[in-house]
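One structure below.
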Amino acid sequence: MLLSKAWEKYESDKRIKGFSPQTLKALKLQATLLIRYLKDVKLDTISTLTLSKIVHKVFTNPYDYTRM
């Protein structure tokens, strides 16, 4: 499953569960940025290590938009 498709399913689930429009908007922004960074890859190609590296990079230098 592609990352974008997983996001659509996740968003739908959270909307049904009653998440606020503001929360959904914030989650969508985060998902969009992740998809833009990683491209629209298949979920099984993303490891927790990859996600940890991205989070570390963002927190240590939030204005450096170069790829890892």
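The values are calculated or read from the model by the stated rules, or taken from the named source; none is laboratory data. Computed from a predicted model, the values in this text were never measured in an experiment. So basically every Cβ, Gly included, is an ideal-geometry build from the backbone, and we count neighbours across all protein chains shown.
What the table below lists for this structure:
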quantity: Any hit, the stretch 37-44, residues being among the basic types (Lys, Arg) and in contact with a strand residue (DSSP E or B) (Cβ under 7 Å, 6 or more places away or on another chain); calculated: yes
quantity: Residue that is nearest to residue 1 (Cα to Cα), among those in the stretch 16-44 that are of a type in the set (A, V, I, L, M, F, W, C) and in contact (Cβ under 8 Å) with a residue 12 or more places away in the chain; calculated: 43
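Okay, residues lined up against (1) at pLDDT 95 or above; (2) in contact with a Phe, Trp or Tyr (Cβ under 8 Å, 6 or more places away or on another chain); (3) surrounded by fewer than 11 Cβ atoms within 10 Å (Cβ to Cβ):
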{"site": "15", "(1), (2), (3)": "yes, no, no"}
{"site": "22", "(1), (2), (3)": "yes, no, yes"}
{"site": "35", "(1), (2), (3)": "no, yes, no"}
{"site": "38", "(1), (2), (3)": "no, no, no"}
{"site": "44", "(1), (2), (3)": "no, no, yes"}
{"site": "55", "(1), (2), (3)": "no, no, yes"}
